[in-house]
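Okay, so here's the structure we're looking at.
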Amino acid sequence: MERATIECMFDSLAEVDPTQGESALVERIAELERMKCAAAAGQARAAAALDAARRAGESAAGIPAARRGR
């Protein structure tokens, strides 16, 4: 995803029309919560992939198992 696309996406996420009715505002909050959870899941997957890649690289470099991932 391009940086400009991501920035536009973040800008649109921050927009809230305070004149909307309560049910629309509750739905907006729910949408944002779902997005937050999806982002957290993506972050966790990326962190796990990074850890695995680093440990594999350290293993290939001959670093003892007890010292990998530090």
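Table for the structure above
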read-out: Whole-Hz couplings from phi, Karplus 6.51/-1.76/1.60, listed for the stretch 28-35; x for Gly and Pro; value: 4, 4, 5, 4, 5, 5, 4, 5
read-out: Mean accessible surface per residue for the chain, computed with a 1.4 Å probe while every protein chain stays in place, in Å²; value: 83 Å²
read-out: Spin-label model distance (nm) - K36 vs F10, 7 Å beyond Cα toward Cβ; value: 1.7 nm
read-out: Sum of side-chain charges, E27 neighbourhood, beta-carbon under 13 Å (Lys, Arg +1; Asp, Glu -1); value: -2
read-out: Once the Cα gyration tensor of the chain is diagonalised, semi-axes √(5λ) in Å; value: 42, 14, 7
read-out: Cα-based helix-to-principal-axis angle, 3-14 vs the chain, degrees rounded to 10; value: 50 degrees
read-out: Sulfur and carbon atoms: percent of accessible area, the chain [1.4 Å]; value: 59 percent
read-out: Helix-only [θ]222 nm of the chain, DSSP H runs n ≥ 4, -39500 (n - 2.57) each, per residue, nearest 500; value: -26000 deg cm²/dmol
read-out: Net charge of Cβ neighbours under 14 Å - reference G42; Lys, Arg +1; Asp, Glu -1; value: +3
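The values are calculated or read from the model by the stated rules, or taken from the named source; none is laboratory data. Keep in mind that what you see is a predicted model, and the values were worked out from it rather than measured. Virtual Cβ from ideal backbone geometry, glycine too; neighbours counted across all protein chains shown. The protein model used for the area step is the full one, side chains on, heavy atoms only, and it has no ligands, DNA or RNA in it. Shrake-Rupley method; radii C 1.70, N 1.55, O 1.52, S 1.80 Å.
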